[in-house]
């Protein structure tokens, strides 16, 4: 099966439910993944940005990957984040994922490095691929890594045998268009990570989306994908408008992550605990978020 056929659809970047002491709430994570599966998603992405992968402990990181692989086995694809600040550290995570039975690891460029160039990005992924026995996805999220993988570089990386997927979280429509055009004839799946670009990106050739809000409202995004496949542009744009309205809630807390954690509580899946030093939601902020969600008819 070609990569563009294998890696497609709606893939929520799974939030990591925590207990008050910042250990993993395993039962809540299982409920969350089952909620997503019941909503019709094709896969889940654990230990990404929405999963607080760079803040949780190594024990939580490993436990979250293990639980996701257990819950998804035989039902959906499970993508495991191997996000770290250097090539060697990323390789260590990839090998741990492989040992747990994972089949695809998602890697950002190395970060916490000033003036990190495109040639170094290519070498980073070449070394990861050479050390890996499983498939690799490239994850471009310059807002947090402060490293932007340019479209021409993605095209070069697509030539590596183990690179099967590209997650674009730039929220830059011009760059995503250029990337889609460069990769049109290459067997690499492109998944958009910016919720506001979900419909248009799939219309223009992306194989799917990895939207954070699909943790909680998977049916909205699955329906968006269906409307895209059926070329129902007017209905798709109306649903995208509604999703954009829901998305406004992410700016109504101390951080978008705190709001995402509160949505676990809203959906009856888990508690709203965030990893330190992030602040949690106030009562007033929770009320504002609820008003937004009710206004869009999702609660």
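Quick note: the coordinates plus some simple rules give every number you see, no bench work behind them. All of these numbers come straight from a predicted model, not from anything done at the bench. Please note: Cβ atoms are built from the backbone with ideal geometry, for glycine as well, and neighbour counts cover all protein chains shown.
Using only DSSP helix segments of four residues or longer, with each worth -39500 (n - 2.57), what per-residue ellipticity at 222 nm results for the chain after dividing by its residue count and rounding to 500? Let's see the in-between values first.
Details: 13 runs with 137 residues, N = 299.
Result for the chain, helices only: -13500 deg cm²/dmol.
Could you calculate the contour length gain from residue 115 to residue 184, that is, 0.36 nm times the residue separation minus the distance between their Cα atoms, to one decimal place in nm? List each step's numbers first, then the result.
Working: separation 69, 0.36 × 69 = 24.84 nm, distance 2.97 nm.
Result for the pair: 21.9 nm of gain on full extension.
Over all alpha-carbon pairs of the stretch 29-162, lay out the pair-distance distribution in 10 Å bins, whole %, shortest bin first.
12, 44, 33, 11, 0
Over all alpha-carbon pairs in the chain, figure out the percentage whose distance exceeds 23 Å. It would help to have the intermediate numbers written out before the result.
Numbers: 23359 of 44551 pairs.
That tail contains 52 percent of the Cα-Cα pairs.
Given the convex hull over the Cα atoms of the stretch 192-273, what projected area results after averaging over all orientations, in nm²? Working shown, then result.
Working: hull surface 20.6 nm².
Result: a mean projected hull area of 5.2 nm².
Taking the alpha-carbon set of the stretch 135-227, what are its Rg and Dmax in Å?
Final numbers for Rg and Dmax: 12.8, 35 Å.
For the chain, what proportion of DSSP beta bridges, expressed in % and rounded to the nearest 5, is antiparallel? Present the calculation step by step, with values, prior to reporting the outcome.
Values: 1 of 25 bridges.
Bridges in the chain are about 5 percent antiparallel.
Using the 10 angstrom Cβ neighbour count as an exposure proxy, how do 79, 217, 199, 116 rank, fewest first? Intermediate values should be presented prior to the final figure.
Working: 79 31, 217 23, 199 26, 116 17.
Ascending Cβ contact count within 10 Å gives the list 116, 217, 199, 79.
Packing-wise, with mean Cβ within 10 Å as the measure, how do 40-46, 249-255 rank, highest first? If you can, show how the numbers build up before the last one.
On the way: 40-46: 24.4, 249-255: 18.4.
Packing proxy ranking, top to bottom: 40-46, 249-255.
Which whole-number value in Å³ per residue fits the convex hull of the alpha carbons of the stretch 83-196?
Details: hull volume 11.0 nm³, N = 114.
Given the Cα convex hull of the stretch 83-196, per-residue volume reads 96 Å³.
Computed FRET efficiency, Cβ-Cβ of residue 248 and residue 143, R0 22 Å: what is it to the nearest 0.05? Before the final figure, lay out each step's value.
Values: r = 18 Å, r/R0 = 0.84.
My answer for the efficiency is 0.75.
Please work out the ratio of the alpha-carbon Rg of the stretch 18-65 to 2.2 N^0.38 Å and round it to two decimals.
Numbers: Rg = 11.1 Å, N = 48, 2.2 N^0.38 = 9.6 Å.
This ratio for the stretch 18-65 stands at 1.16.
Residue 70 to residue 256: extension gain in nm, 0.36 nm per residue of separation minus the Cα-Cα distance?
Working: separation 186, 0.36 × 186 = 66.96 nm, distance 2.81 nm.
That works out to 64.1 nm of additional length.
Work out, step by step, the length gained on full extension between residue 291 and residue 21: first 0.36 nm times the residue separation, then minus their alpha carbon distance; give nm to one decimal.
Details: separation 270, 0.36 × 270 = 97.20 nm, distance 2.97 nm.
Roughly 94.2 nm would be gained on extension.
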